[in-house]
1. Please tell me if Asp413 is assigned to a loop (DSSP other than H, G, I, E, B) and within 22 Å of Asn266 (Cβ to Cβ).
2. State yes or no: is Thr344 farther than 19 Å from Thr322 by Cβ, buried (at least 23 other Cβ atoms within 10 Å of the Cβ) and touching a residue at least 24 places away in the same chain (Cβ under 8 Å)?
3. Can you run down the residue pairs with Cβ atoms below 8 Å, 6 or more apart or on separate chains, where the first is in the range 138-161 and in contact (Cβ under 8 Å) with a residue 12 or more places away in the chain and surrounded by fewer than 24 Cβ atoms within 10 Å (Cβ to Cβ) and the partner is in a loop (DSSP other than H, G, I, E, B) and basic (Lys, Arg)?
4. Sort out for me the helices (runs of 4 or more DSSP H) sitting completely within the range 1-110 that have 2 or more residues that are touching a helix residue (DSSP H, G or I) at 6+ places or on another chain (Cβ under 6 Å) and within 16 Å of the ligand (Cβ to nearest atom).
5. Being outside any strand (DSSP E or B) and modelled with pLDDT under 95, is that true of even one residue in the range 164-183?
6. Go over the candidates Met380, Met392 one by one and state the one that is touching a Gly at 6+ places or on another chain (Cβ under 6 Å) and over 12 Å from Val258 (Cβ atoms).
7. Given (1) of a type in the set (A, V, I, L, M, F, W, C); (2) under 30 Å from Gln28 (Cα atoms); (3) at pLDDT below 95, where does Leu355 come up short, assuming only one miss?
8. Within the range 192-218, track down each residue that is under 19 Å from Ala263 (Cα atoms) and either part of a strand (DSSP E or B) or not acidic (Asp, Glu) (or both).
Amino acid sequence: MTMQDDAYLKCIDVQCGLEYPIKSTNLQCEKGHMLDVKYKNKPSDSLKEVFYKRRNPQGSIFNESGVWRFRELLNFCQIDTENIEECSKYLVSLDGAEGRQSKPYRMSKAAKFIGTSNENLWLQPEGYNPSGSFKDNGMATAVTHAKMIGAERIVCASTGNTSASAGMFAANEGIDCDVYIPAGQIAPGKLSQAYQFGAQIIEVDGNFDDALKQSLEDVKNNNGYTVNSINPFRIEGQKTIPFRALEYLNWEAPDWIVYPGGALGNTTSCGKALMELYEWGWIKKIPRIVVVNSEGASTLSDLYNGKFEGEELRWNKGKPNTELISRYYDHLDKEGLRPKTKATAIQIGRPTNILKGLRALEFTNGIVTTVSDSEMLDGMSVVGLNGFDCEMASGATVVGIKKLISEGIIKKDDVVVGILTGRQKDAMLPVEYHNNSENTFAKPPKN
Ligand SMILES: [Zn+2]
């Protein structure tokens, strides 16, 4: 088999399973199911040594990059990964900066607040990516695919982080970037990067789900390239978030990996990474994924935990009850229920990747829980006390772990990796938090 035959796209629906060539721009199969990037070859675990050696990059930005350091595990370009000229021709990178600073850290004050030992808790800040969030991981791969098929315009819907990342990559690559936003719902500061990088902002009446819908129609009608997490190539780059965590732990899987839940791209990519590593024999144990929804945007939690019509929605070995999801969305529409949380990064009512997310939860025996806005602010603030900056949605990870420990679901001697998805982009949140002396960690100004 030549390398050129290795990567392809495959429908996730087990009864459908349609396949497409890797250069296809379809986001879904012709029956409307989501797609996966698949690889026929099984990477040898001797690559662990190669990845480790690349941490001394020896002048290669592709070794320096926290995404492309693992390029053999996401080689949909099917290039000779040791050939730097080929890497330079195909792989899109912000000069090696995406994922470069991301790894798990110990944060003792967060551990104390959560009620676990400092040794068992790892928090991985993805906010130290160039555009300030985890999105750069997946944007590197999505824009690589955009470039591979010759796209001249990338398009996204965003509540802030995606637009910053897409705008930054587009500016670097000299291509256009259109950003659909829900009008009047985003703190202006969260869009300042998109403006700065020259993206075209398009305001849509409605919420994020409406903005996404309109952006997808634009791409369909006007020849652009969607870089939201509905794009399977976004998922490929985001696999490197758990790759870096696992590598740091010498590929010894933790008991839990915890994420905030929005569009469920992270849940999906973590699940796909773990499925692949397990299948390839790189890990022996499967960590359980925890998704933490905001109470105000709790679609996954409602469905997964049987809070709607009493049925616990599951992937069900590839036969999920999609009609239950449709009825839930109809119910949201009928009741005029809109997702509502100050953590705008996860203010999403219709998670694009819900089916892939369910698949990840089934594979990992995962858990879904919810936390309130005020809890998330505490989580965000205690991360700050350790000298790390994170956004409110990332606070969900911290208080989600705390909640599950207090419920006895996560045991005190379990090893937990929590992902902090982004850096603070709403400057007023910490100011308001600390000026209210009733908040747990508030330190109001004195005179
Ligand atoms: Zn299909």
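The values are calculated or read from the model by the stated rules, or taken from the named source; none is laboratory data. Predicted, not measured: the structure shown is a model, and the values here were computed from it. In this analysis, Cβ positions are derived from the backbone assuming ideal geometry, glycine residues included, and neighbour counts consider all displayed protein chains.
1. no
2. Values: farther than 19 Å from Thr322 by Cβ: yes; buried (at least 23 other Cβ atoms within 10 Å of the Cβ): yes; touching a residue at least 24 places away in the same chain (Cβ under 8 Å): yes.
Criteria met by Thr344.
3. From the range 138-161, the pairs are Met148/Lys23; Ile149/Lys23.
4. Correct list: empty, since no element meets the threshold.
5. yes
6. Met380
7. Every listed condition holds for Leu355 apart from (3).
8. Correct list: Val204, Gly206, Asn207, Phe208, Ala211, Leu212, Lys213, Gln214, Ser215, Leu216.
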